[in-house]
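Peer 1: Here it is, the structure in full.
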Amino acid sequence: MDKIGVLVTHKPLPYLEQELTRRGCRLFRLWESPESRRLEFCRENSSEIRAIVGNSNFGADAATIDALPKLEIVASFSVGLDKVDLPKCKERGIRVTNTPDVLTDDVADLAIGLTISVMRRIPSADKYARSGAWKKGEYTLTTRFSGKRVGILGLGRIGLAIAKRAEAFDCPISYYSRSEKPHPNYTYYSTPIDLASNCDILVVACALTEETRHIVNRAVIDALGPKGVLINIGRGPHVDEPELVAALVEGRLGGAGLDVFDNEPHVPEELFALDNVVLVPHVASATIETRTAMADLVLGNLEAHFLKKPLLTAVV
Amino acid sequence: MAPYLSISLNEPPLSAQADIKRLTTCSTKFLTEKKTNMYAFPTNKPVTVTSGGLPPILVFRLLSDEWLLVLSTKFTVISPSSPLSTSARAALVSAAYNRVDTDLLNQYPSLRCIVSSGAGVNHINLEECQRRGVQVANVGETHSINVADYAVGLLLDVMRRITMSDQYVRNGLWVTQGDYPLGSKLGGKRVGIVGLGSIGSAIAKRLKAFGCQISYLSRKPKPNVNYKFIPNIYDLATESNILVVSCSLTKETHHIINEQVLQALGKEGIIINIARGAHIDETELVQSLVKGEIRGAGLDVYENEPNIPKELIEMENVVLTPHQAVFTPESMGEVIQICIANFEAFFAGKPLVTPVVAD
């Protein structure tokens, strides 16, 4: 990949940066420019940039693609492609790859980890223990996870991995997706509201598209109810965030475990005082093992493209 | 006062929970201290002996007035101070307050059935009971499920830094300092479970679904189990990335996790303890963590509760919870029912529902 210009939209894993450089790429670090100058930065370097390495925060929108006439491939360091203008890429003949499968386990692990953390209030109990409050009295009882009904929005790779783990806790599994899947052990509901009405824990595990934006809205939150728990390891815009915050603050929703937000890294501060909420900074794939595997996929896809070989994980 | 049985997610009736915790927590003090006033009967209500001949049970200490009400519907509840106590054939004991030893069995020689309202039985001399033909029951696996869930929760928290990154977000640092440092993948890791009883088995079943490789230590290999049996703790620690302590506390298992075991676990190792503080040499554990000789720990129990070593309180690679694994409102409701079921079985001449035997 000698001398190929690669626009990196976000601060990359050091291993990825080293490998791209070692293979001869010329890196253009978009995240180092202030937001208002970014399109300018792209235009200034457009004669060289032939590839973009994007992520879940900044992929390749229409304006960026338009600013880069020599762009051939977008290799996203993520499995979600909601930040990549796929129709535009198709129209321009630009290839798009993502990082499926290698992160499925970690994301599913975090979904369950968040669920137990919320229901057993582990972060809050940890704070209680460290503060010395334990010497004065016991922490509150917390509700059991095993056996609770788990409802999954989206039964793709990640949804199935979550179901498999929840089954080991004897949780009955139900799901919503566009069509029923061949899983006789899991109960299908044809609308998100029906699913929310019939589960104790609702997990968002579908891709973000026009149809699934705000799939968790006021009505779904109400259906989940004051004993229900919402777990979001999808994308912030899957959930109507102001409605979610109001429901939690007012006690109309029992709890939430959130990895993603509308406007990362900003998290609604009204949530900070609640101990039935666990907030983590978009870490579902954030293990050294998985991020390295994701980097290898990005590198593998880029190399394959520039060597004119079949791409490893192409979406477009 | 809201009855403890109806606790919901947002309602914490602290007074009831303090009772619950005092009654069923067995700290290591009971291994060494002799309790002098063990048999206090705290309720001020007079104990009514109901007519109609409900079978009598000796109750040393009541969890709450609710217990008295529910038990009285099926049994005649007798306190230790009653003259009827020495002829009682069945008794309800609690791990926190009663030592079922030779003294107690001599004092109440008619006892043929002891039901303990918790899971642990290290406060009961099982051999002596067996010798005298006294059957013993605990409350079976209702608490085991909660403990297993919590063990997995603690492990995921340590590996994926859930508590620490939650703090990071709440302190506004995601905005000012960027992404939190990477965690560690659970899938594929080798987990060594110390003690494969009902809690250890439940933990193994759960972790298998996360793709962990499970090995275990117990006194003898368990039949019909797919996990690898390793007969000594040093080999288990050497072979594992993660150790989970889930055995009962006995003379043999006191400080089973010592300096050598921690060294064998190694720099990438993580230890989870949801059993008893005394299973781990706490001073050595703290030193290992301070020196970076193991990678992290998730602890629900400590040698001197409610005190936690201050070095741990300052660490980011540990998760510390205040002995919370056992209780949930769901299992509290089940506990009374299981105790009743055991007494009913005894009085009907049937096998106990959740018997415990010396092995």
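The values are calculated or read from the model by the stated rules, or taken from the named source; none is laboratory data. Owing to the predicted nature of the structure, the values given are computational and were not obtained by experimental measurement. Don't worry about glycine lacking a Cβ; one is built from the backbone with ideal geometry, like all the others, and counts go over all protein chains shown. Ligands, DNA and RNA are excluded from the accessible area calculation, which covers all protein heavy atoms including side chains. Shrake-Rupley method; radii C 1.70, N 1.55, O 1.52, S 1.80 Å.
Residue-by-condition table, conditions (1) within 28 Å of A:Val204 (Cα to Cα); (2) at pLDDT below 95; (3) assigned to a helix (DSSP H, G or I):
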residue	(1), (2), (3)
A:Pro123	yes, no, yes
A:Asp126	yes, no, yes
A:Thr143	yes, yes, no
A:Gly151	yes, no, no
A:Gly159	yes, no, yes
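Peer 1: Out of all the residues in the stretch A:278-286, is one or more in a helix (DSSP H, G or I) and either in contact (Cβ under 8 Å) with a residue 12 or more places away in the chain or more than 11 Å from chain B (Cβ to nearest Cβ) (or both)?
Peer 2: Here is the first cut: in the stretch A:278-286, the ones in a helix (DSSP H, G or I) are none.
No: the stretch A:278-286 contains no residue that is in a helix (DSSP H, G or I) and either in contact (Cβ under 8 Å) with a residue 12 or more places away in the chain or more than 11 Å from chain B (Cβ to nearest Cβ) (or both).
Peer 1: In addition: Could you grab me the full set of residues in the stretch B:243-267 that are part of a loop (DSSP other than H, G, I, E, B) and not basic (Lys, Arg)? Write out each step before concluding.
Peer 2: Applying the first criterion (part of a loop (DSSP other than H, G, I, E, B)) to the stretch B:243-267 yields B:246-256, B:258, B:266-267.
B:Ser246, B:Cys247, B:Ser248, B:Leu249, B:Thr250, B:Glu252, B:Thr253, B:His254, B:His255, B:Ile256, B:Asn258, B:Gly266 - these are the residues of the stretch B:243-267 that are part of a loop (DSSP other than H, G, I, E, B) and not basic (Lys, Arg).
Peer 1: Right, A:Ala273: within 19 Å of A:Leu81 (Cβ to Cβ) and small (Gly, Ala, Ser) or not? Talk me through it step by step, then tell me what you get.
Peer 2: Details: within 19 Å of A:Leu81 (Cβ to Cβ): no; small (Gly, Ala, Ser): yes.
Here the answer is no, as A:Ala273 does not meet what is asked.
Peer 1: Report, ordered by the first and then the second residue, all pairs with beta carbons closer than 8 Å, sequence separation of six or more or different chains, a first member in the stretch B:331-351 that is in contact (Cβ under 8 Å) with a residue 40 or more places away in the chain, and a second member that is in a helix (DSSP H, G or I) and of a type in the set (Ser, Thr, Tyr).
Peer 2: Pairs that qualify, where the first residue is in contact (Cβ under 8 Å) with a residue 40 or more places away in the chain and the partner is in a helix (DSSP H, G or I) and of a type in the set (Ser, Thr, Tyr), are B:Ser331/B:Thr142; B:Met332/B:Tyr4; B:Glu334/B:Thr142; B:Val335/B:Thr142; B:Ile338/B:Thr142.
Peer 1: Out of the stretch B:141-181, which residues are open to solvent by less than 10 Å² (accessible area, probe 1.4 Å), of a type in the set (Val, Ile, Thr) and facing chain A (nearest Cβ under 9 Å)?
Peer 2: Passing the criteria: B:Val152, B:Ile162, B:Thr163, B:Val169.
Peer 1: Could you list all residues from the stretch A:92-121 that are over 30 Å from A:Lys309 (Cβ atoms), among the polar types (S, T, N, Q) and not in a helix (DSSP H, G or I)?
Peer 2: Correct list: empty.
Peer 1: Let me ask another. When the residues of the stretch A:37-69 are narrowed to those that are of a type in the set (Lys, Arg) and either surrounded by fewer than 17 Cβ atoms within 10 Å (Cβ to Cβ) or touching a Phe, Trp or Tyr at 6+ places or on another chain (Cβ under 7 Å) (or both), which ends up nearest to A:Ala284 (Cα to Cα)?
Peer 2: Here is the first cut: in the stretch A:37-69, the residues of a type in the set (Lys, Arg) are A:37-38, A:43, A:50.
With the extra rule that they be either surrounded by fewer than 17 Cβ atoms within 10 Å (Cβ to Cβ) or touching a Phe, Trp or Tyr at 6+ places or on another chain (Cβ under 7 Å) (or both), the set shrinks to A:37, A:43.
Values: A:Arg37: 30, A:Arg43: 33 Å.
Ranking the qualifying residues of the stretch A:37-69, first place goes to A:Arg37.
Per-residue answers, yes or no, for (1) without any contact (Cβ under 8 Å) to a residue 24 or more places away in the chain; (2) within 14 Å of another protein chain (Cβ to nearest Cβ):
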residue: A:Ala223; (1), (2): no, no
residue: A:Val229; (1), (2): no, yes
residue: A:Val245; (1), (2): no, no
residue: A:Arg252; (1), (2): no, yes
residue: A:Leu258; (1), (2): no, yes
residue: A:Glu264; (1), (2): no, yes
residue: A:Thr292; (1), (2): no, yes
residue: A:Phe306; (1), (2): no, no
residue: A:Lys309; (1), (2): yes, no
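Peer 1: Taking the stretch A:179-236, which residues are surrounded by fewer than 22 Cβ atoms within 10 Å (Cβ to Cβ), assigned to a loop (DSSP other than H, G, I, E, B) and among the hydrophobic types (A, V, I, L, M, F, W, C)?
Peer 2: Scanning the stretch A:179-236 gives A:Ala207, A:Leu208, A:Ile215.
Peer 1: In the stretch A:83-108, what count of residues is obtained for those that are in contact with a Lys or Arg (Cβ under 9 Å, 6 or more places away or on another chain), buried (at least 21 other Cβ atoms within 10 Å of the Cβ) and more than 14 Å from chain B (Cβ to nearest Cβ)?
Peer 2: The qualifying residues number 3.
Peer 1: Conditions: (1) open to solvent by 30 Å² or more (accessible area, probe 1.4 Å); (2) touching a Leu at 6+ places or on another chain (Cβ under 9 Å). A:Ala129 meets all but one. Number of the miss?
Peer 2: Condition (1) is where A:Ala129 drops out.
Peer 1: Out of the residues in the stretch B:316-330 that are crowded, with 22+ Cβ neighbours inside 10 Å and either under 22 Å from B:Ser116 (Cα atoms) or more than 10 Å from chain A (Cβ to nearest Cβ) (or both), which is farthest from the chain's Cα centre (by Cα)? Full working, then the answer.
Peer 2: Here is the first cut: in the stretch B:316-330, the residues crowded, with 22+ Cβ neighbours inside 10 Å are B:318-328.
If we keep only those that are either under 22 Å from B:Ser116 (Cα atoms) or more than 10 Å from chain A (Cβ to nearest Cβ) (or both) too, we end up with B:323-328.
Details: B:His323: 9, B:Gln324: 9, B:Ala325: 8, B:Val326: 6, B:Phe327: 9, B:Thr328: 13 Å.
Across the stretch B:316-330, the extreme among qualifying residues is B:Thr328.
Peer 1: Assuming B:Thr354 fulfils every condition listed in (1) of a type in the set (Ser, Thr, Tyr); (2) more than 29 Å from A:Ser146 (Cβ to Cβ); (3) open to solvent by 10 Å² or more (accessible area, probe 1.4 Å) apart from one, which condition is it?
Peer 2: Unmet for B:Thr354, out of (1) of a type in the set (Ser, Thr, Tyr); (2) more than 29 Å from A:Ser146 (Cβ to Cβ); (3) open to solvent by 10 Å² or more (accessible area, probe 1.4 Å): (2).
Peer 1: Okay, moving on. Taking the options A:Pro184, A:Pro192, name whichever one is over 28 Å from B:Val158 (Cα atoms) and modelled with pLDDT under 95.
Peer 2: A:Pro184
Peer 1: Taking A:Lys148 as the residue in question, decide whether it is within 7 Å of another protein chain (Cβ to nearest Cβ), surrounded by fewer than 24 Cβ atoms within 10 Å (Cβ to Cβ) and in contact (Cβ under 8 Å) with a residue 40 or more places away in the chain.
Peer 2: On the way: within 7 Å of another protein chain (Cβ to nearest Cβ): no; surrounded by fewer than 24 Cβ atoms within 10 Å (Cβ to Cβ): yes; in contact (Cβ under 8 Å) with a residue 40 or more places away in the chain: yes.
No, not satisfied.
Peer 1: Still on this structure, I have one more. May I ask you to list the residues in the stretch A:237-277 that are assigned to a strand (DSSP E or B) and open to solvent by 40 Å² or more (accessible area, probe 1.4 Å)? Spell out how you get there, then give the answer.
Peer 2: So the first thing to find is which residues in the stretch A:237-277 are assigned to a strand (DSSP E or B), and the list is A:239, A:255-258, A:263, A:266, A:277.
Listed by number, the residues that qualify are A:Asn263, A:His266.
Peer 1: With a cut-off of at least 1 residues that are modelled with pLDDT of 95 or more and among the β-branched types (Val, Ile, Thr), name the helices (runs of 4 or more DSSP H) lying wholly within the stretch A:1-74. Spell out how you get there, then give the answer.
Peer 2: Details: elements: A:14-22, A:38-44, A:62-66.
Answer list for the stretch A:1-74: A:14-22, A:62-66.
Peer 1: Counting only residues that are touching a residue at least 40 places away in the same chain (Cβ under 8 Å) and touching a Leu at 6+ places or on another chain (Cβ under 6 Å), which one in the stretch B:130-171 is farthest from B:Gly349 (Cα to Cα)?
Peer 2: Among those residues, the one meeting the criterion is B:Met159.
Peer 1: Quick check on the stretch A:109-145: of everything there that is more than 7 Å from every other protein chain (Cβ to nearest Cβ) and hydroxyl-bearing (Ser, Thr, Tyr), which residue is farthest from B:Gly187 (Cα to Cα)?
Peer 2: The residue in question is A:Ser131.
Peer 1: Condition first: in contact with a strand residue (DSSP E or B) (Cβ under 6 Å, 6 or more places away or on another chain) and in a helix (DSSP H, G or I). Now tell me which residues in the stretch A:290-316 satisfy that. Before you say what the answer is, go through the steps one by one.
Peer 2: Restricting attention to the stretch A:290-316, the residues satisfying the condition of being in contact with a strand residue (DSSP E or B) (Cβ under 6 Å, 6 or more places away or on another chain) are A:298, A:301-302, A:305, A:311, A:313-316.
Those that are in contact with a strand residue (DSSP E or B) (Cβ under 6 Å, 6 or more places away or on another chain) and in a helix (DSSP H, G or I): A:Val298, A:Asn301, A:Leu302, A:His305.
Peer 1: Next question. Which one of B:Gly277, B:Gly211, B:Gly195 is on the phi > 0 side of the Ramachandran plot, out of contact with any Cys (no Cβ under 8 Å at 6 or more places or on another chain) and in the same structural domain as B:Glu293 (by TED's automatic domain parsing)? First the steps, then the outcome.
Peer 2: Numbers: B:Gly277 fails: on the phi > 0 side of the Ramachandran plot; B:Gly195 fails: out of contact with any Cys (no Cβ under 8 Å at 6 or more places or on another chain).
Selected residue: B:Gly211, the only one of B:Gly277, B:Gly211, B:Gly195 that is on the phi > 0 side of the Ramachandran plot, out of contact with any Cys (no Cβ under 8 Å at 6 or more places or on another chain) and in the same structural domain as B:Glu293 (by TED's automatic domain parsing).
Peer 1: Could you check, for the stretch B:108-120, whether at least one of its residues is part of a strand (DSSP E or B), open to solvent by 40 Å² or more (accessible area, probe 1.4 Å) and under 24 Å from B:Asp300 (Cα atoms)?
Peer 2: Here is the first cut: in the stretch B:108-120, the residues part of a strand (DSSP E or B) are B:113-116.
Of the ones still in play, those that are also open to solvent by 40 Å² or more (accessible area, probe 1.4 Å) are none.
No, there is no match, as no residue in the stretch B:108-120 is part of a strand (DSSP E or B), open to solvent by 40 Å² or more (accessible area, probe 1.4 Å) and under 24 Å from B:Asp300 (Cα atoms).
Peer 1: Could you list, in sequence order, all residues of the stretch A:3-36 that are over 21 Å from B:Asp179 (Cβ atoms) and surrounded by fewer than 12 Cβ atoms within 10 Å (Cβ to Cβ)?
Peer 2: A:Lys3, A:Arg22, A:Gly24, A:Ser36
Peer 1: Still on this structure, I have one more. Just to check your reading of the model, which residue among B:Ile308, B:Ile294, B:Ile313, B:Ile336 is among the hydrophobic types (A, V, I, L, M, F, W, C), over 25 Å from B:Ile256 (Cβ atoms) and either open to solvent by 10 Å² or more (accessible area, probe 1.4 Å) or more than 14 Å from every other protein chain (Cβ to nearest Cβ) (or both)? Talk me through it step by step, then tell me what you get.
Peer 2: Details: B:Ile308 fails: over 25 Å from B:Ile256 (Cβ atoms); B:Ile294 fails: over 25 Å from B:Ile256 (Cβ atoms); B:Ile313 fails: over 25 Å from B:Ile256 (Cβ atoms).
None of the others qualify; the one that does is B:Ile336.
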